[in-house]
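Report on the structure given below.
We did not get these values from a lab; they are worked out from the coordinates using the rules stated. All values reported here derive from a predicted model rather than from experimental measurement. Positions of Cβ are backbone-derived with ideal geometry, glycine not excepted, and every protein chain shown enters the neighbour counts.
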Amino acid sequence: MPQFGFSISQPRAVNLDTNDTVPAERILQEVPELQCCIACGSCTATCTAGNLTSFNFRRMHTLVRRGEYREVYEQLEKCMLCGKCRLVCPRGINTRAVALKIKKTLCDY
Amino acid sequence: MKRNTWQEYQKEVADDNYYYLRSCIRQNFFPGSEKAFVRILREELGRNLYDDPAHTSCTGIGYHSDVVLHDTIMTVVARQFALMKESGFENAAVSCITSFGIYTEVLETWREFPEVEARIRELLYKATGRELYKPRNLAHTSDIIFHHREAIRQRAKHLLVNHRTGEPLRGVEHIGCHYAKIFPKEGIGGVEFPYVLAGMIEAWGGQVVDYPERRHCCGFGFRNYLVQANRGYSIANSQKKLESMAPYKPDFILTNCPGCGMFLDKWQYTIAEIEGTTYGQDGKGIPVLTYEELAGLVLGYDPWDLGLQMHQVDVEPLLDKLGVEYDPAAKYLMPNGRYIGRPEPATVNMGVE
């Protein structure tokens, strides 16, 4: 093959038709208040792990809801389940339970 | 009360007396297309068209690549219009979609900011001694072919019908982004319902294929292509379109932009090289035509006079469906018999050459 100096870039668009959203729906069923999330990011701002590493709970939540689980396993290892995020959530979501549920559903917890 | 909503989607196209503004890149990509346009207008339709050797590139590619300044390109455009006026013409016929977008943008800028127009008037006079003039009618050449589509049908030798089965041929139309996405009112059908190419296919007996990514950009995007490392984004766009249209089994792709025609054609070869994927009938690729080439085929012109041998994807399957007679041995020969070389087949890497 000739050396073109480039390859075909993969689109970064989220394809909800091909993503498997069944685990995400299971999590949503068990923690239904997650539907109230307004994605304000308070959980991430107060996160102890987030201060020291690249862990971003708001991002994890978004990825899981879209059915994109690839990074989640590795990232959620950083969560210490301290529950500070739950104290600051303006919507009263039990974010600690969400983290635990994601770990149990997607990871070997 | 009669609704006038559709009036906003119409465009006035001059019927005669065109000043032809050629494209710099089309001469290389599709060398027969502009020649075919001149022949159709003059010989078939009996229209007056002036092909001025004095006009230059619009410098649009340099402008979109941040190489040419806004004032510079406006002065270049002003010179083209001044030449047109000096030649006694008022209707500009623009061959390239990039140029068409540039001319439209410049005219809109002058309308919106009269002080800019005054400045360019002065710059033009200082640089060339010419007077600024604004055309009475500005049309892309696909608008002009669309305008005369019924007259072309009346002279048709081959309609867009499979001559073996009698079924209409299935055509995918792809409109260049700068045709109507920047200034929707300048395009026939606007940005929502662009009809310029679809109207030609329907008028000449074909069937227009609708598919999910019909309005997606081909991926040229200037910077996307001009920087080698970015070309992966360019080809990804074409691939998205080709993947989307392939299940609808189109017989050909019709484009009105030099970039779109080039990329949808040549990226088929590159995708075959990189991924081993080919599209179209028997994996031989989907032929890509310009509207002049399609009009030329409809009018019975020789396909090698139209420059169809310069395409990466072989057009023979389409010619066979249309019932066009051609000499396979003459495909890569100049009129004087000299061999011009041949491009890599678009079916490379598939073992189905």
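Give the average, rounded to an integer, of partner chain Cβ atoms located within 10 angstrom of each Cβ in B:263-270.
Details: counts 0, 0, 0, 0, 1, 0, 0, 5.
Across B:263-270, the average partner-chain Cβ count within 10 Å equals 1.
For chain B, what is the mean residue ellipticity at 222 nm derived from helices alone (per DSSP H run of n ≥ 4: -39500 (n - 2.57); sum divided by total residues; nearest 500 deg cm²/dmol)?
Numbers: 15 runs with 141 residues, N = 353.
Helices in chain B give a 222 nm mean residue ellipticity of -11500 deg cm²/dmol.
Let me know the shape class of chain B, please: from the alpha-carbon gyration tensor, a ≥ b ≥ c as square roots of the eigenvalues, rounded when a/c is under 1.5, otherwise prolate if a/b is greater than b/c, or oblate. Provide the component values of the computation, followed by the final result.
Values: a/c = 1.61, a/b = 1.47, b/c = 1.10.
It is prolate, given that a/c is not under 1.5 and a/b is the larger ratio.
Dipole of the range A:24-109, Cα-centred, from +1 at each Lys and Arg C-beta and -1 at each Asp and Glu C-beta, to the nearest 20 debye? Can you show the working numbers first?
Numbers: 14 positive and 8 negative charges, 39 e Å.
Approximately 180 debye in magnitude.
Mind checking the range B:187-278 for GluC sites (Glu not before Pro) that DSSP puts in a loop (not H, G, I, E or B) and that have at most 12 other Cβ atoms within 10 Å?
On the way: sites: B:Glu192, B:Glu202, B:Glu213, B:Glu243, B:Glu273, B:Glu275; in loops: B:Glu192, B:Glu213.
Sparse-neighbourhood loop GluC sites (Glu not before Pro): B:Glu192.
Can you give the Rg to Rh ratio for the range B:244-353, taking only C-alpha atoms and Rh from Kirkwood?
For the range B:244-353, the value is 0.95.
Can you compute the modelled spin-label distance between A:Val22 and B:Lys126, with each label point 7 Å from Cα toward Cβ, in nm?
So the label points at A:Val22 and B:Lys126 sit 7.2 nm apart.
In the range B:195-353, what is the count of Lys pairs whose alpha carbons are under 20 Å apart, counting only pairs at least 8 residues apart or on separate chains?
For the range B:195-353, qualifying lysine pairs total 14.
What order do you get for A:Leu16, B:Leu138, B:Leu159 when you list them from fewest to most C-beta neighbours inside 10 Å? Can you show the working numbers first?
Values: A:Leu16 10, B:Leu138 21, B:Leu159 16.
Ordered from fewest to most neighbouring Cβ atoms within 10 Å, A:Leu16, B:Leu138, B:Leu159 come out as A:Leu16, B:Leu159, B:Leu138.
Run the reach check for B:Lys11 against lysines, Cα to Cα strictly under 26 Å, same-chain hits fewer than 8 apart removed. What comes back?
Cross-link targets: B:Lys2, B:Lys35, B:Lys85, B:Lys134, B:Lys181, B:Lys185.
Can you return the aspartates and glutamates within cross-link range of B:Lys126? Criterion is Cα-Cα under 17 Å, with same-chain partners fewer than 8 residues away left out.
B:Asp71, B:Glu115, B:Glu117
Trypsin sites (Lys or Arg not before Pro), restricted to the range B:210-243: which are DSSP loop and have at most 14 other Cβ atoms within 10 Å? Walk me through the numbers before you get to the answer.
Working: sites: B:Arg214, B:Arg215, B:Arg223, B:Arg231, B:Lys240, B:Lys241; in loops: B:Arg214, B:Arg215.
Sites meeting the loop and neighbour criteria: B:Arg215.
Using the Cα centre of the protein assembly as shown as origin and beta-carbon charges of +1 (Lys, Arg) and -1 (Asp, Glu), tell me which of A:Val72, B:Phe89, B:Thr5 is placed farthest towards the positive end of the dipole.
So the residue we want is A:Val72.
Could you tell me which of rounded, prolate or oblate describes the range A:3-68, using a ≥ b ≥ c as the square roots of the eigenvalues of the alpha-carbon gyration tensor, with rounded for a/c under 1.5 and, failing that, prolate when a/b is larger than b/c and oblate otherwise? Before the final figure, lay out the partial values.
On the way: a/c = 3.14, a/b = 1.40, b/c = 2.24.
Taking the square roots of the gyration eigenvalues as a ≥ b ≥ c, the range A:3-68 is oblate.
Read phi for every residue in the range B:131-145 and hand back ³J(HN,Hα) as whole Hz from Karplus 6.51 cos²θ - 1.76 cosθ + 1.60, θ = phi - 60°, with x for Gly and Pro.
After applying 6.51 cos²θ - 1.76 cosθ + 1.60, I find 9, 6, 9, 10, x, 6, 9, 10, 9, 6, 5, 5, 4, 6, 4 Hz.
Could you go through the range A:8-20 in sequence order and give the Karplus-derived ³J(HN,Hα) for each residue, using 6.51 cos²θ - 1.76 cosθ + 1.60 with θ = phi - 60°, rounded to whole Hz, and x for Gly and Pro?
For the range A:8-20, the Karplus-derived couplings read 7, 5, 7, x, 9, 5, 7, 9, 6, 6, 9, 5, 8 Hz, x marking Gly and Pro.
Which GluC sites (Glu not before Pro) in the range B:1-74 sit in a loop by DSSP (not H, G, I, E or B) and have at most 16 other Cβ atoms within 10 Å of their own Cβ?
On the way: sites: B:Glu8, B:Glu12, B:Glu34, B:Glu43, B:Glu44; in loops: B:Glu12.
Sparse-neighbourhood loop GluC sites (Glu not before Pro): B:Glu12.
Provide A:Phe4, B:Phe29 in ascending order of the number of other Cβ atoms located within 10 Å of each residue's Cβ, fewest first. Walk me through the intermediate numbers first.
Working: A:Phe4 14, B:Phe29 19.
With the fewest neighbours first, A:Phe4, B:Phe29 line up as A:Phe4, B:Phe29.
Name the shape class, rounded, prolate or oblate, that the alpha-carbon gyration tensor gives for the range B:138-254, where a ≥ b ≥ c are the square roots of its eigenvalues, rounded holds for a/c under 1.5, and otherwise prolate holds if a/b is larger than b/c and oblate otherwise.
Oblate.
Kirkwood hydrodynamic radius, the range B:1-68, all distinct C-alpha pairs: what's the number in Å? Can you show the working numbers first?
On the way: mean 1/r = 0.0667 Å⁻¹.
When all Cα pairs of the range B:1-68 are included, the Kirkwood radius is 15.0 Å.
At q = 0.07, 0.13, 0.14 Å⁻¹, what is the base-10 log of I(q)/I(0) for the protein assembly as shown according to the Debye formula with one equal point scatterer per Cα and no solvent? Please give it to two decimals.
Computed log10 I(q)/I(0) values: -0.50, -1.13, -1.24.
Could you work out the mean count of beta carbons from other protein chains within 10 Å of each residue's beta carbon in B:234-244?
Values: counts 3, 5, 5, 2, 1, 3, 2, 0, 0, 0, 0.
Mean inter-chain Cβ contacts per residue within 10 Å come to 2.
Would you mind ranking A:Glu71, B:Glu105 by Cβ crowding within 10 Å, fewest neighbours first?
Going from sparsest to densest Cβ surroundings: A:Glu71, B:Glu105.
Please list 3J(HN,Hα) in residue order for the range A:60-65, calculated via the Karplus relation 6.51 cos²θ - 1.76 cosθ + 1.60 where θ = phi - 60°; whole Hz, with x for glycine and proline.
4, 4, 4, 4, 5, 5
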